[in-house]
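For reference, the structure discussed in these notes is given below.
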């Protein structure tokens, strides 16, 4: 089943002095359960693509259709709700809420979704155990290592049962052991929960794990390779 | 959960939050205590005005207040007084004969208002008998006793048992004079009253000016409940249509004005304090928002809508403001409770207060309404302070906010 359908997507940043064509007509689609990496040099348009697919930025042209909705046409208030219900995010610099414990960070989005307490509690425990941090649920982010924080971020992204997860360079700040650990967890959850993962990366170790690798240069897809 | 996030966010920057909480605490403490002090001062003034001077309601001849001449007396007033005394809600009533006169001692003289009272009945209406500092309340002197104020005694340079001479007009217009002996000296908070008013026995004064035995110039009425003066005044006025019936508020408009403007004055003072603090709160919250741009961007990215972001900033501001508010109110109350019994002596600032009718020792009043009014004002201040930082937060675009490096 198609989760995301991108048609002729363009994005032009208009500065006062010059124009930047960040995306130049991208056509892509993602199926349910994919584990895909978007790669390319800096400035190739990876982050822009992920931002637009995640509804954080508006396209200049083309369409992004998620669940029969062209998200480029949604008003920003509707878009926030859309993100809350459909998309999970993992950011480069952990981005947990520092005043909340790991448990509260994971429950936070379910709380925004209005899920009952018992359901929140169960899902949080399942996910914290899946990311291997059952014993750290009451720790604040500052007491966790970078790798552990990123695992909490993955648990948080999955907590709301989104249609897909976008991860913008999730391993950029991690050492190789933590990177490997995080990737294993993401891959396991991708299989167990059948959640689509799309991540942008520079990291060869991440690319190696991906089952689909999309290469972007100058805002265009230059290769789209599916591995078995 | 928003409450808990907001509360914890306040304590992310402990020193910064504590500084503004301290400022709020001091401002509100000062406001609450000043209010309690002011209320104490005003209530003491009103109590003195009612209990010692005017009582709740007074009846006069229709023309008397306009022109306090001895000829404007009320006939059969002792009977009217007894009828009023037996009305529901009335604690006691008494009649007074009032004559403007000259008082003279061996050394000097002065203008004075002579009030002829029935000592027993008067003591049921006013508490003047409690204010005697020397001698006795129209007793201990066989013939023509007189009670004078401390300031008057100093002015005339007389003591208990000194002789004074009163010169006054009789009912028929003739001038008469008589010798009185000081039976007692009183002292009350209203210095002007003390300097202007002396008391003699009604019977002595009636004989002197030739007034009918049942006649008088004033009927003073004390009520059981301080709040019923309007109702009972109307009832009395309906019954004695040819007399002028007035409540203490009408008789002493300057006292009721102070009472009515007290709240306005305090709202103004606190308003100014809070207006200054408002900028401190805005500054604190603005810093709190601007240093969290990335986090706020993340929150909006993951699906926290604008209403929630706005609410969170509002809650943070209000919690910050109320922490200072509650500590300030508690401290203000503690000081009020501490000084409620001992009072604060303002006599070092001279006798200007006394001349205006105020006690020099003020007893602050712990009033729960003050806390409620102050809290409401802090709430409004908090809301106003939160608007700008909250709007700043709402204007963030998540994609851009996330890219900012702090």
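The values are calculated or read from the model by the stated rules, or taken from the named source; none is laboratory data. This one's a predicted model, so the numbers in the text were calculated from it and none came from an experiment. Every residue, glycine among them, receives a Cβ derived from its backbone with ideal geometry; neighbour counts consider all protein chains shown.
Taking the numbered list (1) under 16 Å from the mean Cα position of the chain (by Cα); (2) buried (at least 19 other Cβ atoms within 10 Å of the Cβ); (3) closer than 17 Å to residue B:301 by Cα in turn, residue A:171 passes all entries but (3).
Number of residues in segment B:177-191 that are touching a helix residue (DSSP H, G or I) at 6+ places or on another chain (Cβ under 6 Å), surrounded by fewer than 21 Cβ atoms within 10 Å (Cβ to Cβ) and either assigned to a strand (DSSP E or B) or at pLDDT below 90 (or both) equals 1.
For segment B:226-255, filtered to residues that are in contact with a helix residue (DSSP H, G or I) (Cβ under 9 Å, 6 or more places away or on another chain) and part of a loop (DSSP other than H, G, I, E, B), the residue that is farthest from residue B:92 (Cα to Cα) is B:252.
How many residues does segment A:124-149 contain that are in a helix (DSSP H, G or I), within 14 Å of chain B (Cβ to nearest Cβ) and surrounded by 12 or more Cβ atoms within 10 Å (Cβ to Cβ)?
Going residue by residue through segment A:124-149, those that are in a helix (DSSP H, G or I) are A:124-130, A:134-136, A:141-143, A:146-149.
If we keep only those that are within 14 Å of chain B (Cβ to nearest Cβ) too, we end up with A:124, A:141-142, A:149.
Then drop every residue that is not surrounded by 12 or more Cβ atoms within 10 Å (Cβ to Cβ), which leaves A:124, A:141, A:149.
Total meeting the criteria: 3.
The selection criterion, being surrounded by fewer than 21 Cβ atoms within 10 Å (Cβ to Cβ) and either over 21 Å from residue A:106 (Cα atoms) or free of Cβ contacts under 8 Å to residues at least 12 places away in the same chain (or both), does not hold for residue B:304. Do we find that residue B:133 is over 26 Å from residue B:71 (Cβ atoms) and either out of contact with any strand residue (DSSP E or B) (no Cβ under 8 Å at 6 or more places or on another chain) or in a strand (DSSP E or B) (or both) in this structure? When the stated conditions are applied, residue B:133 passes them. The number of residues in segment A:80-105 being crowded, with 23+ Cβ neighbours inside 10 Å and either out of contact with any helix residue (DSSP H, G or I) (no Cβ under 9 Å at 6 or more places or on another chain) or within 12 Å of chain B (Cβ to nearest Cβ) (or both) comes to 9.
Look through B:362, B:370, B:387 and report the one residue that is free of Cβ contacts under 8 Å to residues at least 40 places away in the same chain and more than 14 Å from chain A (Cβ to nearest Cβ). Walk me through how you get there before you give the answer.
On the way: B:362 fails: free of Cβ contacts under 8 Å to residues at least 40 places away in the same chain; B:370 fails: free of Cβ contacts under 8 Å to residues at least 40 places away in the same chain.
The unique qualifying residue is B:387.
Under the condition of being buried (at least 19 other Cβ atoms within 10 Å of the Cβ) and under 17 Å from residue B:111 (Cβ atoms), the residues counted in segment B:196-207 number 5. Tell me which residues, restricted to segment A:106-123, are assigned to a helix (DSSP H, G or I) and within 11 Å of chain B (Cβ to nearest Cβ). A:107, A:108, A:109, A:110, A:111, A:112, A:117, A:120 - these are the residues of segment A:106-123 that are assigned to a helix (DSSP H, G or I) and within 11 Å of chain B (Cβ to nearest Cβ).
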